[in-house]
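To start, the structure itself, in C-alpha cells.
Please treat every number below as a calculation from the coordinates, not as lab data. Just so you know, these numbers come straight off a predicted model, no measurement behind them. Backbone-built Cβ (ideal geometry, glycine too); neighbour counts: all protein chains shown.
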Amino acid sequence: MTRIGPERAADLIEPLTELVARAGAAVLAVDRRTMSSGEKADGSPVTAADLAADRVIAEGLARLLPEVPSLSEERSHLAKLPTGGSFFLIDPLDGTKEFLAGRDEFTVNLALLTDGMPLLGIIGAPALGLIWRGLVGRGAERLTMSGAGGTTPIHTRPMPSPGKPWIAAVSRSHGDIRTEAFIDGRPGAVRQIEGSAIKFCRVAEGGADIYPRLSSTREWDVAAGHAIVTAAGGKVTDSTGAALRFGAEKDFTVPEFIAWGDPEAADEHLSPQGRGRMSS
C-alpha cells in the first residue's frame with residue numbers, strides 16, 4: 001500500500017499535467033465525424049476518443065507510478081475498491097455527449113486521492129486549450145496547453161452579498177428537480193450552462209459561486225474538480241454539509257454534491273433553515 005502526501009504530490013504535478021495534455025491531444029486527433037462509438041452497460045456513450053485517452057493515461061501512470069492503483073471510467077468493470085493509501089481516479093473523456101455534439105465542453109479528468117480524499121486534481125479542456133490544476137493546501141492555477149499564456153493562479157470568490165445574484169454552474173445534459181429547486185432557493189440566481197467538469201473549474205477560478213448536482217454521478221466525474229475547488233479555497237459537500245468520501249462504494253457512486261466557492265456559504269446556507277429551503 002503506497003501513501004502519497006503533499007510533498008511527493010507536488011513533485012508529481014508536472015508529469016501528471018503533461019500526461020493529461022497528451023491524453024487531450026489523443027482526443028483531438030480522433031475525427032468525430034468518422035470515429036466508432038457505442039454504449040456502455042449503463043447506457044452512457046463511449047467513443048474511440050474515450051479509449052484513446054484512456055490508453056495514454058494508463059500507459060503513462062504505469063511508467064510513472066506503477067505501485068499506485070488507478071481506477072478509470074473506461075475500465076471500471078475491472079476496478080477493485082482500494083484498501084487504503086493512495087489511488088488515481090480518471091475520466092479519460094468527461095462530457096462525451098458534448099464531444100459527440102461537436103461542442104468544445106469536454107475534459108480529461110485525473111485525480112490523486114489519499115486516505116479517501118482528493119489531494120491533487122488536473123482537468124484539461126483540450127478543445128479550449130486550457131488546463132486547471134490544484135494541490136490541496138498548495139493552491140490552484142490555470143494554464144494554457146500551448147504555454148503562450150503562461151500560468152495564472154486562481155482562487156474562488158466570496159459568496160454574493162445580500163441582494164446580489166448567485167451564479168450557479170449547471171449541466172447542459174444532466175438536469176434534475178432537486179438541483180433546480182436548490183438553485184431557485186437563491187432568488188435571482190443566474191444559471192451558467194456548461195458541459196463536463198469545466199463547471200468545477202468555473203467555481204475554482206471565481207467565475208461561478210456554486211455548482212450543485214443533487215443527483216447521482218460517479219467518483220471519476222467529481223474527484224479532480226473536488227481537489228481543484230478545494231485547493232482554490234472552496235469546499236465540496238453533500239446536501240447536509242458533510243464531506244464526500246471516495247473509494248468506499250462498490251459502484252463508485254457519488255449520490256450528490258455541492259461545490260461552493262466560499263466555504264462559509266456552505267455553513268450558512270446548509271443551516272437547518274437553509275436545508276429546509278433546499279428541500280422545499
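I want to check the label-to-label distance for LEU64 and GLU180. Put each point 7 Å from Cα in the C-beta direction and report it in nm to one decimal.
Using points 7 Å along Cα→Cβ, the separation is 4.0 nm.
Label-point separation (nm) for ALA101 and SER146, each offset 7 Å from Cα along Cα-to-Cβ?
2.7
Using the charge dipole of the range 167-279 (Lys, Arg: +1 at Cβ; Asp, Glu: -1 at Cβ; taken about the Cα centre), state which of VAL229, ALA204, THR253 has its Cα farthest towards the positive end.
Farthest towards the positive pole: THR253.
To the nearest 20 Debye, how big is the dipole of the chain about its Cα centre, given +1 on the beta carbon of each Lys and Arg and -1 on that of each Asp and Glu?
It comes to approximately 240 debye.
To the nearest 10 degrees, how steep is helix 6-28 against the longest Cα principal axis of the chain, on a 0 to 90 scale?
With rounding to tens, the tilt is 70 degrees.
Just how large is the dipole of the range 167-279 about the Cα centre, in debye to the nearest 20, putting +1 at every Lys and Arg Cβ and -1 at every Asp and Glu Cβ?
Details: 13 positive and 16 negative charges, 33 e Å.
Charge dipole, the range 167-279, about its Cα centre: 160 debye, nearest 20.
Calculate the spin-label point distance for SER215 paired with HIS155, positioning each point 7 Å from the Cα along the beta-carbon direction, and give it in nanometres.
3.6
Across the chain, how many lysine pairs, 8 or more positions apart or on different chains, have C-alpha atoms separated by under 30 Å? Please give the number.
Pairs that pass both the separation and distance tests number 16.
As a footprinting exposure proxy, order TRP132, TRP220 by other Cβ within 10 Å, with the fewest listed first. Working shown, then result.
Values: TRP132 29, TRP220 26.
Listed from fewest to most nearby Cβ atoms, that is TRP220, TRP132.
By count of other Cβ within 10 Å, fewest leading, how are TRP260, TRP166 ordered? Don't jump to the answer; show the numbers that get you there.
Details: TRP260 25, TRP166 20.
The fewest-first ordering by Cβ neighbours comes to TRP166, TRP260.
Within 10 Å of each residue's Cβ, count the other Cβ atoms and sort LEU214, LEU71, LEU93 from fewest upward.
Details: LEU214 20, LEU71 23, LEU93 29.
Neighbour counts put them in this order, fewest first: LEU214, LEU71, LEU93.
If one computes P(r) from the Cα atoms of the range 5-70, what percent of pairs lie at distances over 18 Å?
Numbers: 1032 of 2145 pairs.
Looking at the range 5-70, the distances longer than 18 Å represent 48 percent of pairs.
With r defined as the distance between the Cβ atoms of THR2 and ARG191 and R0 fixed at 35 Å, what FRET efficiency is calculated, to the nearest 0.05? Can you show the working numbers first?
Numbers: r = 42 Å, r/R0 = 1.19.
E between THR2 and ARG191, to the nearest 0.05, is 0.25.
Percent of Cα-Cα pairs per 10 Å bin, from 0 to the last occupied bin, for the range 6-153, please list those.
Here the calculated profile for the range 6-153 is 11, 42, 35, 12, 0.
Can you give me the Kirkwood hydrodynamic radius for the range 84-209, using every pair of distinct Cα atoms, in Å to one decimal?
Values: mean 1/r = 0.0630 Å⁻¹.
Result for the range 84-209, one decimal place: 15.9 Å.
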